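Engineer: Have a look at this one before I ask anything.
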Amino acid sequence: MSFEHVDYTSLDIPPAPFSDPSRIPDFPRDAVPRHVGVIMDGNGRWAKQRGLVRTQGHQAAEPVVFDTIAGAIEAGVRYLSLYTFSTENWKRSPSEVRFLMGFSRDIIHRRVAQMDDWGVRVRWAGRRPRLWKSVIDELEMAMDRTRDNKVIDVVFCINYGGRAELADAAAQIARQAAQGRIKGDRVTERMIAEHLYNPDIPDCDLVIRTSGEYRTSNFLPWQAAYAELAFVPELFPDCGREVLWRAIGDYIHRDRRFGGVQ
Ligand code: IPE
Ligand code: IPE
Ligand code: MG
């Protein structure tokens, strides 16, 4: 079955409303992870279980993305990185890649006003080459429109790969060394951190991967070097803010030592 005739543009699923405030877990504000990353996995399996095509699994993920953003706002998370399309995802069939590109572009277009209302600052992490120009254009319009919002930064990781990000940082540093602006044998961790895609965003505290897979698939290797990891069994379309809150609830009880002793 071809993906082509799935008309995703007509699928304007309303977001779940913000839940009853009494249902929001009462996390101590300073214990909540500042930066959470989510590897949103399992859309294809969710669709397959229902006899649907893979792209319908991606469509089912859209309201879950926005429910997760809402839940992150309610919990007091300041930065949320969403792994949307990896540098490895180009290996998928041309029709699935085409769908994911068009769908990402359309979601940003359709949801930017809502994100703006919620106080979301839209960000992007990823490589330009190969990414559809229309996706970059929508991202740039959304980033521009929401640049002064301060409730939460939501980073769409699209055409993102951690190794690509580090290679891009290394290339910029090498260029500066070639120009004599820095000494090539004096590369520091701080210099690498300053050349990541979004150098102002703090390290990731918690990475959540859905769908029961135990790997990080090239997601934020630098920023999440000391992150706590949460692997949850639910397929992403079956998730939502409760899954995020459960992972935050577990995180709060972790003992983060960063190599030191208590
Ligand atoms: C995650 O779901 C979405 C993307 C990687 C774009 P998958 O499409 O990887 O779903 P599974 O892992 O095949 O079930
Ligand atoms: C990771 O999921 C990428 C995204 C969620 C965008 P994949 O499904 O692509 O990762 P692998 O293939 O299981 O490692
Ligand atoms: Mg997958």
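Each reported figure results from applying straightforward, stated rules to the coordinates on display, with no laboratory input. Keep in mind that what you see is a predicted model, and the values were worked out from it rather than measured. Note that we place each Cβ from the backbone using ideal geometry, even for glycine, and neighbour counts take in every protein chain shown.
Engineer: Tell me the GluC sites (Glu not before Pro) within the range 54-97 that lie in a loop according to DSSP and have at most 13 other beta-carbon atoms within 10 Å.
Structural biologist: E88
Engineer: Need the list of lysines near K91 for cross-linking: C-alpha distance under 23 angstrom, and skip anything on the same chain fewer than eight residues off.
Structural biologist: K48, K133
Engineer: List the relative contact order of the chain as a percent without decimals, with contacts defined as Cα pairs under 8 Å and 6+ residues apart.
Structural biologist: 26 percent
Engineer: Of all trypsin sites (Lys or Arg not before Pro) in the range 66-163, which ones are in loop regions per DSSP and have a Cβ with at most 11 other Cβ atoms within 10 Å?
Structural biologist: Hits after loop and neighbour filter: R130, R147, K150.
Engineer: Compute the relative contact order of the range 134-247 as a whole-number percentage, counting only Cα pairs closer than 8 Å that sit 6 or more residues apart in sequence.
Structural biologist: Computed value for the range 134-247: 23 percent relative contact order.
Engineer: Once you mark the chymotrypsin sites (Phe, Trp or Tyr not before Pro) that are in a DSSP loop and have at most 11 other Cβ atoms within 10 Å, what is the longest gap between them in the chain?
Structural biologist: No qualifying site falls inside 1-213, the longest such stretch.
Engineer: Restricting to DSSP loop positions (anything but H, G, I, E, B) with no more than 14 other Cβ atoms inside 10 Å of their own Cβ, which trypsin sites (Lys or Arg not before Pro) remain in the range 22-62?
Structural biologist: Counting only loop positions with at most 14 other Cβ atoms within 10 Å, the trypsin sites (Lys or Arg not before Pro) in the range 22-62 are R50.
Engineer: For the chain, just list the percent of Cα-Cα distances falling in each 5 Å bin from zero outward, please.
Structural biologist: Taking every Cα pair in the chain, the percentages come to 1, 5, 12, 16, 19, 17, 13, 8, 4, 2, 1, 0.
Engineer: Okay, next question. Placing unit charges on C-beta atoms (Lys and Arg positive, Asp and Glu negative, everything else neutral), compute the dipole magnitude of the range 138-252 about its Cα centre in debye, rounded to 20.
Structural biologist: 460 debye
Engineer: How high is the FRET efficiency from V151 to Y226, r the C-beta distance, R0 25 Å, rounded to 0.05?
Structural biologist: The formula returns an efficiency of 0.45 here.
Engineer: For the chain, with only Lys/Arg (+1) and Asp/Glu (-1) charged at the beta-carbon, what is the dipole magnitude about the Cα centre, in debye rounded to 20?
Structural biologist: 820 debye
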